[in-house]
Amino acid sequence: MRKINFTKMHGCGNDYVYVNCFDGGNLANVSQAELSEIAVKISDRHFGIGSDGMILIEPAKNPQADAFMNMFNSDGSRGKMCGNGIRCVAKYIYDHGIIPSSRKNTIIETPAGLRKIALEIHGGKVTAASVSMGVAKIDSDLPEKICVDNMNLEFVGVNVGNPHAVYFLEDNAILGNLRELDLLRLGKYFENHVRFPERVNSEFVEKLPGEKTELNFRVWERGSGETLACGTGATAAAFAAVKLGIFPRNHDVTIHLLGGDLRINILDDDECVMTGEAVEVFDGEIML
């Protein structure tokens, strides 16, 4: 048996179990295969702690960074980047004294590269953060046609350090409206489509009427299923909307996720900046 000390945190309901590995602890020198098994057990919402996955907060390998984010989805697969997760990593290392309290920013290393984060601090704690998500890239036709579960659809492929397929429901009327979309049944077909050999995160969005730069949003994450929020997915949706000429650059796009709102700004050089909350829920320990 192994005792694991953890902190449960979330950004817009996208919740992970965070483990501080700066002091070694019981997950030091554990193989990636065993960590995957631990992530599956911890993430189970009936027999574990319950989460969208597990994130280890480790010493950075790159000297420019303050910490390394080692992320596992709830099915045990590794993730390269998580926009909601990285805000919580930044909150943790500030709130728990891993970086000095005089700092108002940090750099987190991820398998997708370094990410700069500006901290919003109230009462000595980080409450929200703005993340430089890197330069997004289109990796599909604009848009590209696809057949999923015998439905002829079109999507915009976006890479934000991980792969996304964005479906605008206005252009995919066969899917119906966002609220009634049966992701529980359909999600696996989108995630595992032959077009995406490494599987894909799938976003389904509706533009709000009028001149508002706002999108309603649902997501099916590879390795986790439908989640309340996905930071990289929200970034991909805003980026796709800008590329299609739906929204202008250098303007906040508000994404209404099931778990809350995120603000995304797409800059002139395709750099994407995401702003949202970071919330610590509780600390605990689990025996596995």
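The values are calculated or read from the model by the stated rules, or taken from the named source; none is laboratory data. Since the structure is predicted, the reported quantities are computational estimates derived from the model, not experimental observations. Glycine gets a Cβ as well: all are built from the backbone with ideal geometry, and neighbour counts include every protein chain shown. The protein model used for the area step is the full one, side chains on, heavy atoms only, and it has no ligands, DNA or RNA in it. Shrake-Rupley method; radii C 1.70, N 1.55, O 1.52, S 1.80 Å.
For this structure, a couple of remarks:
- Over the chain, equivalent-ellipsoid semi-axes from the Cα gyration tensor in Å: 31, 22, 16
- Per-residue [θ]222 nm for the chain (sum of -39500 (n - 2.57) over DSSP H runs n ≥ 4, rounded to 500): -5000 deg cm²/dmol
- Rolling a 1.4 Å probe over the protein heavy atoms of the range 155-206, with every protein chain left in place, gives an accessible area that is 51 percent carbon and sulfur.
- A compact globular protein would have a Cα radius of gyration near 2.2 N^0.38 Å; the ratio found for the range 135-286 is 1.02.
- Against the compact-protein benchmark of 2.2 N^0.38 Å, the Cα-based radius of gyration of the range 226-275 scales to 1.06.
- Ligands, DNA and RNA left out, the 1.4 Å accessible surface of the range 1-114 is 48% carbon and sulfur atoms.
- Label-point separation in nm, Asp75 to Asp252, each point 7 Å along Cα→Cβ: 3.5
- When you restrict to C-alpha pairs under 8 Å that are six or more residues apart and normalise by the size of the range 162-288, the relative contact order lands at 19 percent.
- Relative contact order computed over the chain (Cα-Cα under 8 Å; 6+ residues apart), in percent: 21
- The Cα atoms of the range 205-288 cover 51, 23, 21 Å along the three principal axes, with the biggest extent listed first.
- Compactness of the range 27-90 - radius of gyration and Dmax, Cα, Å: 12.0, 40
- For the range 202-223 and the range 64-103, distance of Cα centres in Å: 25
- Accessible area per residue in Å² at 1.4 Å probe, computed on the chain: 43
- The peptide list 241-249, 226-234, put in order of mean Cβ contacts within 10 Å with the highest first, becomes 226-234, 241-249.
- Burial order of peptide ranges 41-53, 212-224, 128-140, 97-109 (average beta-carbon count within 10 Å, highest first): 212-224, 128-140, 41-53, 97-109
- 3J(HN,Hα) along the range 87-103: 5, 6, 4, 4, 4, 4, 5, 7, 4, 9, x, 6, 10, x, 5, 6, 6 Hz, from the Karplus curve 6.51 cos²θ - 1.76 cosθ + 1.60 with θ = phi - 60°, whole Hz, x for Gly and Pro.
- Listed residue pairs exceeding 27 Å between alpha carbons, taken from Lys80/Lys212; Lys41/Lys188; Lys80/Lys116; Lys125/Lys188: Lys80/Lys212; Lys125/Lys188
- Burial ranking of peptide ranges 279-286, 114-121, 12-19 (average Cβ count within 10 Å, highest at the top): 12-19, 114-121, 279-286
- Size estimate for the range 111-194 follows the Kirkwood approach: the inverse of mean 1/r over distinct Cα pairs works out to 15.6 Å.
- When the alpha carbon gyration tensor of the range 11-145 is reduced to an equivalent ellipsoid, its three semi-axes come out at 23, 22, 15 angstrom, largest first.
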